[in-house]
Amino acid sequence: MIRLKVTGVYVAMLTPLDTDGRVNEEELRKLTRFYIENGIDGLFVVSSVGEKIYISDEEVIKGFEIVADENKGKMKLFANITSTNALDAIKLGKIAE
């Protein structure tokens, strides 16, 4: 069993989408930098504030990759791998890992 000691401020971040409903990379990078610059300790990436159920797994994965790239290990990241299908959740969990 892995035990994490989680302290500090964690944000369930919004995932900015473009007019086609795809992850807006430029805005997601800006938002990630904003959290880094303002001392946030960690993020819930592609979090469950509503948008996750409306975007494809490919867009979810894109969001994970963008935030991880922009973060460069500065904050702890928790990826939203929730799904109504266990196999999809397992797939997203492996990718997020």
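The values are calculated or read from the model by the stated rules, or taken from the named source; none is laboratory data. Treat the numbers as computed from the prediction; the structure is a model and nothing was measured. Cβ: placed from backbone, ideal geometry, glycine included. Neighbour counts: every protein chain shown. Side chains are part of the model used for accessible areas, which takes the heavy atoms of the whole protein and leaves out ligands, DNA and RNA. Shrake-Rupley method; radii C 1.70, N 1.55, O 1.52, S 1.80 Å.
Please pick out the residue among 61, 2 that is assigned to a helix (DSSP H, G or I) and under 20 Å from residue 95 (Cα atoms).
Being assigned to a helix (DSSP H, G or I) and under 20 Å from residue 95 (Cα atoms) holds for just one of 61, 2, which is 61.
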So residue 84 clears everything in (1) open to solvent by 40 Å² or more (accessible area, probe 1.4 Å); (2) modelled with pLDDT under 95; (3) not in a loop (DSSP other than H, G, I, E, B) except one condition, right? Which one? (3)
Residues of segment 26-49 classified as more than 21 Å from residue 4 (Cα to Cα) and in a loop (DSSP other than H, G, I, E, B), total: 2
Name the single residue, out of those in segment 13-50 being small (Gly, Ala, Ser) and surrounded by 14 or more Cβ atoms within 10 Å (Cβ to Cβ), that is nearest to residue 68 (Cα to Cα). 42
Within segment 22-31, can one find any residue that is within 18 Å of residue 92 (Cβ to Cβ) and over 13 Å from the mean Cα position of the chain (by Cα)? yes
State whether the residues of segment 25-36 include one that is of a type in the set (S, T, N, Q) and touching a residue at least 12 places away in the same chain (Cβ under 8 Å). yes
Just to be sure, is residue 58 in contact with a helix residue (DSSP H, G or I) (Cβ under 7 Å, 6 or more places away or on another chain) and of a type in the set (Asp, Glu)? no
For segment 54-68, indicate whether the set of residues that are out of contact with any Pro (no Cβ under 9 Å at 6 or more places or on another chain), touching a residue at least 40 places away in the same chain (Cβ under 8 Å) and among the aromatic types (Phe, Trp, Tyr) is non-empty. no
Is it the case that residue 8 is at pLDDT 95 or above, part of a loop (DSSP other than H, G, I, E, B) and open to solvent by 40 Å² or more (accessible area, probe 1.4 Å)? no
Here is a list: 76, 62. Which entry is within 28 Å of residue 5 (Cα to Cα), under 14 Å from the mean Cα position of the chain (by Cα), of a type in the set (D, E, K, R) and open to solvent by less than 70 Å² (accessible area, probe 1.4 Å)? 62
Residue 47 fails exactly one of the following numbered conditions: (1) within 22 Å of residue 94 (Cβ to Cβ); (2) at pLDDT 85 or above; (3) small (Gly, Ala, Ser). What is the number of that condition? (2)
